[in-house]
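J.: First, the structure itself, so that you have it in front of you.
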Amino acid sequence: MRLPDLKFSEPKTYFHEEAYLCKHQKILIFQTMKHHSIAELLKGNQAWVAHQQQADPTYFQKLATGQTPPYLYIGCSDSRLPLTKFTQTEPGEMFVHRNIANQVCLTDINFLSVLEYAIAHLHVQHIIVCGHYYCGGIQAAFEGTTTGVVDSWVNPIRELYLQHEEEISQLPTRQAKLNRLAELNVEAQVKNLYQTSIMRQVLREDHAPEVHGWLLDLHSGLIKDLNVSTEAWQLYPSCLTANLLLTER
Ligand SMILES: [Zn+2]
């Protein structure tokens, strides 16, 4: 497939080809990239600031007063899916934590501090765990060929795959298998979320944010709600009873 000629007229635009070579199919994704240098990024910033100020001269004054985002978004670091873009949300609306393959890691102090701050200080009303199809982290875990630190990072997904190998192996295509593993991964991360200390605490106190497990399909751009939220996934569901017993004494 022939790429269009590079255009250097303003705004600078060219196409970046990213190819995913699969066993049974080849998917080519073309991304329109507006900025291909640091100078262009800064220029883009200045243009955006000018546009915002024209629309609302107090926009940045209001932004500087603080944040009360209703959403915490836990997503993949993949450059193709800033959820703010896909949901048309503005700066100040989403508190964000991203890592490879949107892991809710119970020993990750970075993630745990983001979660605690979002719940205890920002009082977010919703937590969105959002995975995506065509995820490199899922693919790496599925194939088991990654090396280095990333291999350790995606190992829980590899374990998940092995746990569900019988179900996944029955799917007709490699992409269907990867998609299913991406869904199972979101489900597992939502489950992990309910096992964090801060979530168990706010569930006990009956003011926990709503949890949502989403999958973003990069092929269509649409978000799929997996409806996997359930408080039954608390690690110690009996803690409610235990707490009551302690109170009664
Ligand atoms: Zn990803």
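J.: In whole angstrom, how far apart do the alpha carbon centroids of the stretch 189-225 and the stretch 130-178 sit?
T.: First find each Cα centre; the distance between them is then 20 Å.
J.: Now a separate question. So if I take the alpha carbon set of the stretch 67-248, get Rg, then get Rh from the Kirkwood formula, what is the Rg over Rh ratio?
T.: 0.99
J.: On the Cα set of the stretch 152-191, report Rg and Dmax in Å, please.
T.: 9.9, 29
J.: As an exercise, use a Förster radius of 22 Å and the Cβ-Cβ distance of H164 and H121 to find the FRET efficiency, rounded to the nearest 0.05.
T.: 0.05
Bear in mind that the values in this text are calculations on the coordinates, not laboratory data. All of these numbers come straight from a predicted model, not from anything done at the bench. Reconstructed Cβ throughout: ideal geometry from the backbone, glycine too, with neighbour counts over all protein chains shown.
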